[in-house]
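The values are calculated or read from the model by the stated rules, or taken from the named source; none is laboratory data. Computed from a prediction, not measured in an experiment: that's the story for all the values here. Cβ sites come from the backbone with ideal geometry, for glycine too, and all protein chains shown count toward neighbours.
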């Protein structure tokens, strides 16, 4: 009788202990998975390459150069939105206004402001005003001079009045006449052209053209025309003027 009671008591004690061990092992496994996952995320972020994209004075990256990994670093931007931004950029072309990103589903005012804190874009330049110079016209003045000629003859005296017409041309004085031929920019392949050809086609200083060639040789050719912004003397405004004339192949 005592043995049966002892066996029953052992069974009653063994069930909770077994449940406790199962719960403990399950919790330990979940904790290990969480630690591994967190370590994996930190390792992935740490292993990301340092960006070589063009940045402004605030350290923001040009949205036209942003990579998938760089987009994911923005709070609120997940994999789906990052992919949508890259697809939108491929369809839209060069982005010149950050506000157009609001056209993408899932990007509201808050996410747009977060993107603006991390990225920027170049704005389109304003239209230029052309001034036309008018050359002075030639003035022609016609003057009529009337002269009286008196002729004396032995038998009679006669007076003959003759009207003489003279034309006086009045011109404004000028030192010299200079003919100016205006040069226009022409497309040029910045991956093959020499510094002189780049300077002549883009109408830029030869020193800037030599910088473009030196950078081309350093990076083994341009993959994107925006890369010439790495040249010290190529400003944002100058790039926007030259953009339509830059060829890569």
Please enumerate the residues belonging to the stretch 60-102 that are assigned to a loop (DSSP other than H, G, I, E, B), over 17 Å from the mean Cα position of the chain (by Cα) and in contact (Cβ under 8 Å) with a residue 12 or more places away in the chain. 73, 74, 75, 76, 77
Number of the exception - residue 216 against (1) out of contact with any strand residue (DSSP E or B) (no Cβ under 8 Å at 6 or more places or on another chain); (2) modelled with pLDDT under 90; (3) under 26 Å from residue 93 (Cα atoms): (2)
Please go through the stretch 228-239 and pick out each residue that is in a helix (DSSP H, G or I) and within 16 Å of residue 65 (Cβ to Cβ). 228, 229, 230, 236, 239
For the stretch 103-123, does any single residue satisfy the condition of being at pLDDT below 90 and either part of a loop (DSSP other than H, G, I, E, B) or more than 25 Å from the chain's Cα centre (by Cα) (or both)? yes
